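Structure first, then comments.
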Amino acid sequence: MTSQPHNQPDNDNRPEPGLPGSTPMHPTEQTGLSHLWPHGRAVPRVLVVSGSRVERESLTARLTGKGMLVEPVATPADALAAIATEQFDLAMVQRSLGSGRGLELVRGLRELDGGLGIIMLARKADLEDAVNAMQVGVLDYIVGKIETPVLAARIEQAVGRARQLRNEQQRSERLRRVCRGIDVNHHPAGTPEENIPEMVELETDLASAYQDLAEQMAHVGMTAEFNSLIRQELDLESLLRTVLEFVLAKLGPTNAAIFLPSTTGDYTLGAYVNYDCPRDTAEVLLEHLAGVMPERFEEESRVVLMRSEQSLIERLGDHADWLDGHAVACFACRHDDECLAVVTLFRDRRTGFGDEDVAMLDAIAELFAQQLARVIHIHHRHLPKEQWGLGAHEDDTWDDGADDWGLAA
């Protein structure tokens, strides 16, 4: 297919100001780009599905400008026809295709190509709708208009996840074809006995591939769910509360604190959950940790897990006594080489944190940092960047202990 749109009726034929009247050229014609993206990756092929010509042309221009190969179509029928004949990395589907056909189209696209990544475009934030979209296979849910660099980054992330899933599916299919018809107990006549171990190994690989695929799909679903939730939050307090609620839902009961940088370079408590600390000492403990944890972990790129007393001492030195008997997980939220928050979680060492917990925290750290940076930019864009501190003001007061939640941001 070419990058020309199909000739279908439009819901909106008005030309968009500032956009050329003709369909943007193929990216290789427009910019001379090769078919490799940064780091040697193949250029993404993106299907844009929107009933509005304005939206199709705008997205096509923005994405081809970023070196992507774009096929714009106007109707669900054209989208299904395109997927049936060619392979795409990603489909961007307008939610309001009429009579709920956006979600219906997603189901149809997934049936035709289970490895296709899908981003849904919505004009208004709707949490229930976003969750429904994730449940039918949408990787990301974008609300309203966003800047082109942000859009490109989210597309790149979705394409990466989709390609990883497709690779796993192809691996499973290859192994399934090899193993089909093989029965180690009743192998065909004339099959050398020495081939039996190889057959067993192939079946083991197949089982492993299925397990890997299941884990990958669960991981993608979890990150997509988290991303869809926090993308709706443009207020700092709401964002911190949503993050803590999500983390506790996944980890179970735990103490948690989010420390935010201030304009002075120090860190202050932005939000917390007190699960089992005595309320009369929780304030002192968390204020102390605000001066300890960020200093030691703000440069870390991955989650640091301290399961034992020895690991606590190695990391915290004399301050380890403050968390005696606890397992501790700590990670920094970094964006553009800056630390925007340090998150600390701790609970009884007998419960602790597993490897799957660490994987989950690693996955959400970058997404949290990206949304935190977005919120900072929105609320502090009138100030010089060096004044974009997030910490609590001097007159902020501690939560009165009426419940186990606190927001000091």
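The values are calculated or read from the model by the stated rules, or taken from the named source; none is laboratory data. None of these values were measured; they are calculated from a predicted model. Neighbour counts are summed over all protein chains in view; Cβ atoms, including those assigned to glycine, are modelled from backbone coordinates with ideal geometry.
For segment 208-222, what are the residues that are crowded, with 19+ Cβ neighbours inside 10 Å and either closer than 28 Å to D126 by Cβ or modelled with pLDDT of 85 or more (or both)? Give the derivation first.
Kept after step one, since they are crowded, with 19+ Cβ neighbours inside 10 Å, are these residues of segment 208-222: 209, 220.
The one that is crowded, with 19+ Cβ neighbours inside 10 Å and either closer than 28 Å to D126 by Cβ or modelled with pLDDT of 85 or more (or both): V220.
Is it the case that some residue within segment 244-254 is in contact with a Ser or Thr (Cβ under 9 Å, 6 or more places away or on another chain) and either within 20 Å of V292 (Cβ to Cβ) or of a type in the set (S, T, N, Q) (or both)?
Within segment 244-254 (the criterion being in contact with a Ser or Thr (Cβ under 9 Å, 6 or more places away or on another chain) and either within 20 Å of V292 (Cβ to Cβ) or of a type in the set (S, T, N, Q) (or both)), the answer is yes, since at least one residue qualifies.
Looking at V247, is it closer than 16 Å to V328 by Cβ and surrounded by 20 or more Cβ atoms within 10 Å (Cβ to Cβ)?
Yes: the conditions hold for V247.
Provide a single number: the residues in segment 292-308 that are in contact (Cβ under 8 Å) with a residue 40 or more places away in the chain and either in contact with a Cys (Cβ under 8 Å, 6 or more places away or on another chain) or not in a loop (DSSP other than H, G, I, E, B) (or both).
7
What are the pairs with Cβ atoms under 7 angstrom where one residue, in segment 129-149, is over 17 Å from L90 (Cα atoms) and the other, located anywhere, is among the hydrophobic types (A, V, I, L, M, F, W, C) and in a loop (DSSP other than H, G, I, E, B)? Sequence gap at least six, or different chains.
That search, which allows pairs on different chains as well, returns V143/A125.
Listed here are the residues, each with its yes/no results for (1) charged (D, E, K, R); (2) in contact with a His (Cβ under 9 Å, 6 or more places away or on another chain); (3) within 22 Å of E287 (Cβ to Cβ); (4) part of a strand (DSSP E or B).
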residue: L312; (1), (2), (3), (4): no, yes, yes, no
residue: A320; (1), (2), (3), (4): no, no, yes, no
residue: A327; (1), (2), (3), (4): no, no, yes, yes
residue: C330; (1), (2), (3), (4): no, no, yes, yes
residue: C333; (1), (2), (3), (4): no, no, yes, yes
residue: T344; (1), (2), (3), (4): no, no, yes, yes
residue: R347; (1), (2), (3), (4): yes, yes, yes, yes
residue: R350; (1), (2), (3), (4): yes, no, no, no
residue: A365; (1), (2), (3), (4): no, no, no, no
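Could you check segment 306-357 and list, in sequence order, the residues that are surrounded by fewer than 21 Cβ atoms within 10 Å (Cβ to Cβ), over 20 Å from the mean Cα position of the chain (by Cα) and within 19 Å of L248 (Cβ to Cβ)? Explain how you work it out, then say what you get.
Looking only at segment 306-357, we keep the residues that are surrounded by fewer than 21 Cβ atoms within 10 Å (Cβ to Cβ), and these are 307-311, 313-322, 324-325, 334-339, 348-352, 354-357.
Remaining after also requiring over 20 Å from the mean Cα position of the chain (by Cα): 307-311, 313-322, 324-325, 348-352, 354.
Residues satisfying the conditions are D348, R349, R350, T351, G352, G354.
(1) surrounded by fewer than 13 Cβ atoms within 10 Å (Cβ to Cβ); (2) of a type outside the set (S, T, Y); (3) at pLDDT 90 or above: which one isn't true of L372, the others all being true?
(1)
Residues are listed down the side, and each one gets a yes or a no for (1) within 14 Å of V343 (Cα to Cα); (2) modelled with pLDDT under 90:
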{"site": "T264", "(1), (2)": "no, yes"}
{"site": "G270", "(1), (2)": "yes, no"}
{"site": "V273", "(1), (2)": "yes, no"}
{"site": "R279", "(1), (2)": "no, yes"}
{"site": "L285", "(1), (2)": "no, no"}
{"site": "V292", "(1), (2)": "yes, no"}
{"site": "E295", "(1), (2)": "yes, no"}
{"site": "E298", "(1), (2)": "yes, no"}
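Give segment 43-68 a look and list any residue that's assigned to a strand (DSSP E or B) and crowded, with 21+ Cβ neighbours inside 10 Å, or say none.
Across segment 43-68, the qualifying residues are V46, L47, V48, V49.
When you go through (1) in contact with a strand residue (DSSP E or B) (Cβ under 8 Å, 6 or more places away or on another chain); (2) surrounded by fewer than 18 Cβ atoms within 10 Å (Cβ to Cβ); (3) within 25 Å of Q232 (Cβ to Cβ) one by one for K145, which number turns out not to apply?
(1)
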